[in-house]
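This report refers to the structure that appears directly beneath it.
Any read-out appearing in this document is the output of simple, stated calculations on the displayed coordinates, not a laboratory observation. On a predicted model such as this, the values are computed, not experimentally measured, just so you know. Every residue, glycine among them, receives a Cβ derived from its backbone with ideal geometry; neighbour counts consider all protein chains shown.
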Amino acid sequence: MAEWRKPPPWLVGGAMHAAAGLATAVAAVELVPRAIERIEMWSLAIGLVCGSLASLGIARLSRVISASLPSRGMRATTVGAYVAVGADLLTDGLMTGSGAAVAASLGILLALSQVIGNLPGGFAIAANFRATAIPRNQRLVMLSAYPLLPLLGAVIGYFTLKNAGDFATGITLAFLAGLLLTATIEEIVPEADQSGAPRRVSSPAFACGFAMLLLLSSYLSA
């Protein structure tokens, strides 16, 4: 779609706020309650903090890697954004696979929230590629790597947590909740605000994203 037409800023901002609402609901409604069923509260707190620190580390590592790569005719910021989105997709796959190992419905909810959350980033990357006059064939080849990264992460996450005990599963769920909440607050929301979407669009979009996850969680668990 981005190859055909660039979406307006209000649509990108609204979509990202909806994604933030979805991600927040996944952590609050699915991950944390499932972790509480398996581990003590002190373990939950430790897992949340570790997930938050991991989110910070992933963000810093993405910046370091992108800064060290040659631009090869492209703007450094474009290369950096490409690498950052790729690292984020791999992490999303790990999260989805780990959740699917706990329950199929949780894996579906995580996958849905990540798909919606990454749509605006995909638009932005494709638009940046077009702005730097990269040939269309080269753009498509570079973008085609993106769908493979979350699939790889999902396979690794699923088999890592499959048949794990309650403590390992609970800690992982708490870790994922901390990772997801921090990434949402520190990455998605600030980027969504930069799009210039008016408050009358962003606030209802966030609420609708949260409500959508509540409904999906209810019906998938039924």
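Of note:
- Percent RCO, i.e. relative contact order, over the chain, from Cα pairs under 8 Å lying at least 6 residues apart: 48
- Cα lying deepest toward the dipole's positive end in region 9-221, options Gly196, Leu89, Leu143, charges on Cβ: Leu143
- Scattering from region 106-222 was approximated by placing one identical point on each alpha carbon and applying the Debye formula without solvent; log10 I(q)/I(0) at 0.14, 0.15, 0.19 1/Å stands at -0.83, -0.93, -1.26.
- Assigned charges on the beta-carbon of Lys, Arg, Asp, Glu; region 106-222 dipole about Cα centre (debye): 440
- Counting neighbouring Cβ atoms within 10 Å and putting the fewest first, the residues Leu56, Leu48 line up as Leu56, Leu48.
- Overall, region 9-221 carries a charge dipole of about 740 debye about its Cα centre when +1 sits on the Cβ of Lys and Arg and -1 on the Cβ of Asp and Glu, all other atoms neutral.
- Considering helices alone, the calculated mean residue ellipticity of the chain at 222 nm is -26500 deg cm²/dmol, with DSSP H runs of length four and up weighted by -39500 (n - 2.57) and normalised per residue.
- Both radii are taken from the alpha-carbon atoms of region 9-221; with Rh as the Kirkwood radius, Rg/Rh is 0.98.
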